1. Given the conditions (1) crowded, with 19+ Cβ neighbours inside 10 Å; (2) in contact with an Asp or Glu (Cβ under 9 Å, 6 or more places away or on another chain); (3) without any contact (Cβ under 8 Å) to a residue 40 or more places away in the chain; (4) not polar (S, T, N, Q), and given that Leu237 satisfies all but one, which numbered condition is not satisfied?
2. Just give me the residues in the stretch 415-463 being surrounded by fewer than 19 Cβ atoms within 10 Å (Cβ to Cβ), small (Gly, Ala, Ser) and in contact with a Pro (Cβ under 6 Å, 6 or more places away or on another chain), in sequence order.
3. Would you mind telling me which numbered condition in (1) in contact with a Phe, Trp or Tyr (Cβ under 7 Å, 6 or more places away or on another chain); (2) modelled with pLDDT under 90 Leu173 fails?
4. If you check Thr131 against the conditions, is it touching a Cys at 6+ places or on another chain (Cβ under 9 Å), in a strand (DSSP E or B) and either in contact (Cβ under 8 Å) with a residue 12 or more places away in the chain or under 20 Å from Met195 (Cα atoms) (or both)?
5. So, of the residues in the stretch 268-280 that are of a type outside the set (Val, Ile, Thr) and closer than 25 Å to Arg212 by Cβ, which turns out to be surrounded by the fewest Cβ atoms within 10 Å (Cβ to Cβ)?
6. Pull out all pairs, ordered by first then second residue, where Cβ-Cβ is under 6 Å, the residues are six or more apart or on different chains, the first lies in the stretch 40-61 and is buried (at least 17 other Cβ atoms within 10 Å of the Cβ), and the second is of a type in the set (Val, Ile, Thr).
7. What is the number of the single condition among (1) modelled with pLDDT of 70 or more; (2) in contact with a Gly (Cβ under 8 Å, 6 or more places away or on another chain); (3) more than 27 Å from Asp340 (Cα to Cα) that Val543 does not meet?
8. Can you tell me which residues in the stretch 172-214 are surrounded by fewer than 17 Cβ atoms within 10 Å (Cβ to Cβ) and outside any helix (DSSP H, G or I)?
Amino acid sequence: MNSSPFSRHAHQVFTVASGQPSGAASDPSIARSWLRCLEDYHLDPALAQAPAVLEHAHVQQGRERLGQVLEIAGTEMHSLHQQLSGAGHAVLLTDARGIILNSVTAPTEQRIFERAGLWLGADWSEAREGTNGIGTCLVERQPLTIHQEEHFRGRHTGLTCSASPVFDPQGELLAVLDVSSARTEVSRQSQFHTMTLVNLSAKVIERCYFLRQFEHLWLLRFHVQAESVGLFSEGLLALDGDGRIHAVNQSALNLLGAPRSGMLGQSVERFFACRLDDLLARATPEAGAVWPLQTHQGRSLFASVRGQAARALWSVPAPAPTVRRATAQGCWVDPALVDDFRRAVRVFQRDVPLLLCGETGCGKEAFAQAVHQASDRQGRPFVAINCASIPESLIESELFGYRGGSFTGARKEGMRGKLLQADGGTLLLDEIGDMPLALQTRLLRVLEDRQVVPIGGEPRRVDVRIISATHRHLLERVEQGSFREDLYYRLNGLEVSLPAVRERSDKGSLLDFLLAQEAAGQPITLDPAARQRLLDYPWPGNVRQMKNVLRAVVALCEGARVSVADLPAVVRAAVPVSSVPVAPAQALQAAAGSALELAEREALLGILQARRWHLTQVAEHLGISRNTLYRKLRKHGIRRVD
């Protein structure tokens, strides 16, 4: 029986159909959909019938057809549900017909959404259910929100749905990702945030599906910004050994300004100013290297190539290339740094915690991000928290989260802490040496039990890998009693000491890489004298300072060439300094106290320089413990210059 609200809604639908304006259908896509429902599908907006639900066997067939998509989307759907604070939302995935194949809801709310018709196997095509997020998204092939009264059927006006299409590598509609809410107080304006998250999640699913589909081919990844290579907005081209393009994603079409039909089957050399042999010679199994690449139209991009692991493409073995790593997060050509990176990735894959040491600004977070991207957790959350920048009173809630209303000033909906945000991915604890002692105890318990207890909440299982970073000497803090010894050894599965810029052998490559990043396609070169002045500068602020200086140089450069006069005064006036200060002989004699101690001091300095201040390696080389090494360094007054 038609209720009065249904009748009023039906009257509004017929008013729009007759050509009269209406607030509920002010969006042209809504008006088009209402007309389709009346004229093409002959639906009755006042009819209160429940959605049709496929038999279990047919649902299983649909799930098997989209098995790989469902596997990829599952993690993303749970992450999206958590980002939306969970309660009040159902995250749905349908096939290209509008059949719901997967659903993520809070267990206590499952019945609410089932009463609204959001069952597994339910048909939410526009031809069946009228204007709705899923069905109208399938027809319009674009992200959209259908808010309450914008639904065609009166029985659906309690729902608000935000949906985004998921396309396959050939540009065909593969699925729809939808977030539905049954809350009556939801406003259309509040859906802007939800729609953005849904659209981003759909793009992540598209990208992961593309990567999975073409594991057997070469994969060219590119973007106008180096830091975006490896993210969902990157352009993707799948190539065979002859350089022919087998598939292209929408981002690549947008970046190159070419139609799909004009690219498929064509040689990659037709679009990029680079020989195929040179392109493929840069390939790595995990596509870690990022380097400049130009189109034939002169557009500057940054690119990366993932190589085929299944079979060799050259009939004559190629010489082994020089090991170089330049990622969206940083540039590493220094052999010792490359070796450290390889070791870090290997142990991280086995869930061994990493401890990154080094001066402020030397790129510890960039290194951590690169390890995450090179691991099997690529595409999953990477969350960083700076333990030194958050007040001690807030760091516990930031790390562990809290339940709504658990303390004065708490948000009523609560907050997910960084550990839960990083669930399934990686958590970087930056400046771990500044974490309060009480919080160290709780963190140690999380690492041991793999459970997080939000403030005022219940324990929750968490799957997270930990990378810690510090510019402090943690063993000294252990000896001082300000850092737990058991936590130190729990976090220090492998210690990696990152060098300061002044100590790096690849300073020139780093300079070129950062300049290309800051120029973002603008043709800028350095005069030899300006380049040498930049290389001679000691960079006390390390990579962070170098980036800021080059950003200012690019912004202030009048032409395409940078001279010494264009450099900041602090760089022009600087005098090159040694990475390890050499004190006067008299001071050394006074500090050492004897010729034997002076010889030991000199030997220590030599080994420290040779091992690039990697204290674990120095201790192993000397056959002593790290504690003994620290005592010797203090005894001789040796410290690394920060």
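The values are calculated or read from the model by the stated rules, or taken from the named source; none is laboratory data. Treat the numbers as computed from the prediction; the structure is a model and nothing was measured. We place every Cβ from the backbone using ideal geometry, glycine too, and count neighbours over all the protein chains shown.
1. Status for Leu237: all satisfied but (2).
2. If the condition is that a residue be surrounded by fewer than 19 Cβ atoms within 10 Å (Cβ to Cβ), small (Gly, Ala, Ser) and in contact with a Pro (Cβ under 6 Å, 6 or more places away or on another chain), then no residue fits.
3. Of the numbered conditions (1) in contact with a Phe, Trp or Tyr (Cβ under 7 Å, 6 or more places away or on another chain); (2) modelled with pLDDT under 90, the odd one out for Leu173 is (2).
4. Working: touching a Cys at 6+ places or on another chain (Cβ under 9 Å): yes; in a strand (DSSP E or B): no; either in contact (Cβ under 8 Å) with a residue 12 or more places away in the chain or under 20 Å from Met195 (Cα atoms) (or both): yes.
No: the conditions fail for Thr131.
5. Leu276
6. Pro45/Val13
7. (3)
8. Glu172, Leu173, Arg183, Thr184, Glu185, Ser187, Arg188, Gln189, Ser190
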